[in-house]
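Just so it is clear, none of the values below were taken in a lab; they were calculated from the coordinates. Nothing here was measured: the structure is a model prediction, and the numbers come from that model. Cβ coordinates were reconstructed from backbone atoms using ideal geometry, including for glycine residues, and neighbour counts include every protein chain displayed.
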Amino acid sequence: MSLARQGMYFILVGLLQVLVDWAVFVGLTSLGVPAVPANLGGRVCGACLGFWLNGRITFAAAGKARLGGARLVRFLMVWLVLTALSTAAMAWIADGQGLGWAWLAKPLVEAALALTSFLFARHWIYR
C-alpha cells in the first residue's frame, strides 16, 4: 500500500482513536477521576481500537491483517513511551492550567504524538 493511502487511513483511524481517548478522558475526569488515571484509561481504549484497525486496514498486506503477538509487543513498546509522554503532558496541563485546559489540549497533545506513532507503525510495528 502506498504511503499516501496508509497516511490517509492512519489519520482516519487516529481521529477515531483520539475521539474515543478524549471522550473517556473527559468522562472519567468529570466523574472526579484524577487526570493521570483518566488519561491512561482513555489511552488504553484508544490503543485497543487503533491496534486492531491499523492492523486490519491501514497496514494490511494484500487484504491480510497484520496483527499477532510480535506486532502487539512492538506496538505496546511504542505505546508505553507515547503514553508516558501524553500522561506527563496531561498532568502538567491539568495541574498548571486546570482541567478545562487539559480537556482542550488532549487532542492537540495526541496529534503531536501521531507523526512519531505513524513512523513507528509503518516501519517497525506492522512490518
GNM flexibility winner over the chain from Leu72, Leu80, Leu53 (Cα, springs under 10 Å): Leu80
Rounded Å value of the spacing that divides the Cα centres of the range 73-127 and the range 32-61: 10 Å
Reciprocal mean inverse distance between Cα atoms of the chain - Kirkwood radius, Å: 14.8 Å
Options Pro107, Val78, Ser30, ranked by Cα towards positive dipole end of the range 3-125, top entry (Cβ charges): Val78
FRET efficiency, 1/(1 + (r/R0)^6) with R0 35 Å, evaluated for Leu3 and Leu85 via beta carbons: 0.90
